[in-house]
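Take a look at the structure set out below.
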């Protein structure tokens, strides 16, 4: 006999809702960590839906309980109301989904008050008939729910930028000097994570744009040693902004962690010994599921808190000497952490998610987008089916951004070039910064001015009046230079230049808020139109049946897809641009530049500017040295973008995996403010083998 869904809902709505609420908590606990790095779109969508549904499901269920009478056959449903409060408290590893959630902490406080009153009303009206043991269990669970929900609201308050700025005034910088011989046996990531707590006050000052503490001694250190430390500091900032870390690792936070599992375990025992007469079997089973689920979640919360390096930082800074001596000096905490890390690794291996890369580390990738690649493929017949559908529905622009972009791993060459450029400029010195820590020089100015020939030094005149305009010009000029130059014998340098150029275009198209200055999207669109006009009529090789079918169902077609064929197409297109858009003569450039370089002018000759730059570079010898110049130019553009980007957007991007520019920004803040490695002089970084690194949460 068919079951009517409406009848099923009418009879078991409360049971379905409370189990759904518990399931959403489990999903949040398991998936919240994917926001630190790369993740598939499906997982991100699932996490977003779980975050939105978790609160609305619990709030709706509490309201339903408070407004309707409890049926005699479902007397236990009133006991479930405190569990919904506990679910509203959420797991420890996610409080805010976006930075704006922290700004709305007062709204969460108002919701907290309403939901606590609603739950208290349900218990007062319906719980008395369930026996004294169930009443006592309900009181315990109600206390746990109120505390955990209140803790989440307080965590949102502490993750507010104003609160972080206020904490810098009240709390002195953490100076963790507790190191023992066991530190030398730590993996590199674990070692740097503990050191990140020592210099974390620099990151907090930088993220809220607070003044520099001039009482600290300045010093110069090489940026090449700082990448891993910066990643760890940014992961700690993620904890403050988007998790409960700011309230967990306090004396009252640890007390809550100890109280919660004990109270839930006591409630489980009280319910176990209570009378089940008159209760349906389904309601009893649902109650046990809620109790066991709550116990597992709260026990996991306790173990994660005790084994976190935040606890190490707390113990180092505590005034309670006996506690520090008992847990740190004796090595008990280190043994606990190693056991928990090993257990986590075992679970990850068992579930097929084993990875050598720490969950705290940044993904180490950079977005890629190439204008020539896009303009040579867009609006061509035989395009992807999804692209045609997106165009019909009015989402062509969004489709073009996503479909023609990609990602690539940051190479060691790029890291070295950026490090060398930062060290070369002595960015920690005040002459390169103003008093507010803002990079003084104009983009591309320093690398070009250091070149011997005046022709190259004058290329800064072609870099545009706005930063994003300069990115477009140098991006096209770089593709033309690489297509026509004889630098094929330097593949690593060529790939590094191309990757940095494509990355800055990716930010301009996909994440313009991560770039300083006025938006130049209209200029980008006009330039694309001119590129499409230049490419139109160019013969394309015939495609085979297999290639046509592959393109028909292709979801991504970034610059690195089918790299050899794509690269050949870009080089041919670059040659077409070079032939059709000759460089402006010096007289024409002087005459037309004031009018045509205006960012408001739709006729701005950016293709001529790019061709002028490429021709001047191609006419110089040796071209290998000019390839090195391009590396420095793009390193300078990266440094400028990182330093001039809004601190708020750096913080926002942490919830979506972070950006290369954010790592560089924090690195330069360290070099500008204070050397973070003074504490490492007496305790040098341990030498480890590549297989000794461990995964950290």
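Screening residue 279 with (1) outside any helix (DSSP H, G or I); (2) under 23 Å from residue 149 (Cα atoms) gives one miss only, at (2).
Residue-by-condition table, conditions (1) surrounded by fewer than 20 Cβ atoms within 10 Å (Cβ to Cβ); (2) in contact with a strand residue (DSSP E or B) (Cβ under 6 Å, 6 or more places away or on another chain); (3) under 14 Å from residue 503 (Cβ atoms):
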| position | (1), (2), (3) |
| --- | --- |
| 360 | no, no, no |
| 372 | no, no, no |
| 377 | yes, no, no |
| 401 | yes, no, no |
| 404 | no, no, no |
| 415 | yes, no, yes |
| 418 | no, no, yes |
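One residue is enough: does region 214-232 have a residue meeting the conditions modelled with pLDDT under 95, assigned by TED's automatic domain parsing to the domain that holds residue 99 and outside any helix (DSSP H, G or I)?
No - not one qualifying residue is present in region 214-232.
Does residue 640 qualify as being farther than 29 Å from residue 47 by Cα and either out of contact with any strand residue (DSSP E or B) (no Cβ under 7 Å at 6 or more places or on another chain) or at pLDDT 90 or above (or both)? Lay out the reasoning, then the answer.
Values: farther than 29 Å from residue 47 by Cα: yes; either out of contact with any strand residue (DSSP E or B) (no Cβ under 7 Å at 6 or more places or on another chain) or at pLDDT 90 or above (or both): yes.
Yes: the conditions hold for residue 640.
Only a single item in (1) more than 30 Å from residue 476 (Cα to Cα); (2) touching a helix residue (DSSP H, G or I) at 6+ places or on another chain (Cβ under 9 Å); (3) at pLDDT 80 or above; (4) surrounded by fewer than 18 Cβ atoms within 10 Å (Cβ to Cβ) is not met by residue 354, and it is number (3).
In region 46-65, the count of residues that are in the same structural domain as residue 294 (by TED's automatic domain parsing), more than 36 Å from the chain's Cα centre (by Cα) and either assigned to a helix (DSSP H, G or I) or at pLDDT below 95 (or both) is one or more.
When the criteria are applied in full, residue 265 fails the requirement of being modelled with pLDDT of 80 or more, in a helix (DSSP H, G or I), closer than 30 Å to residue 663 by Cβ and out of contact with any strand residue (DSSP E or B) (no Cβ under 7 Å at 6 or more places or on another chain).
The values are calculated or read from the model by the stated rules, or taken from the named source; none is laboratory data. In this text, all values refer to a predicted model and were calculated from it rather than measured experimentally. Don't worry about glycine lacking a Cβ; one is built from the backbone with ideal geometry, like all the others, and counts go over all protein chains shown.
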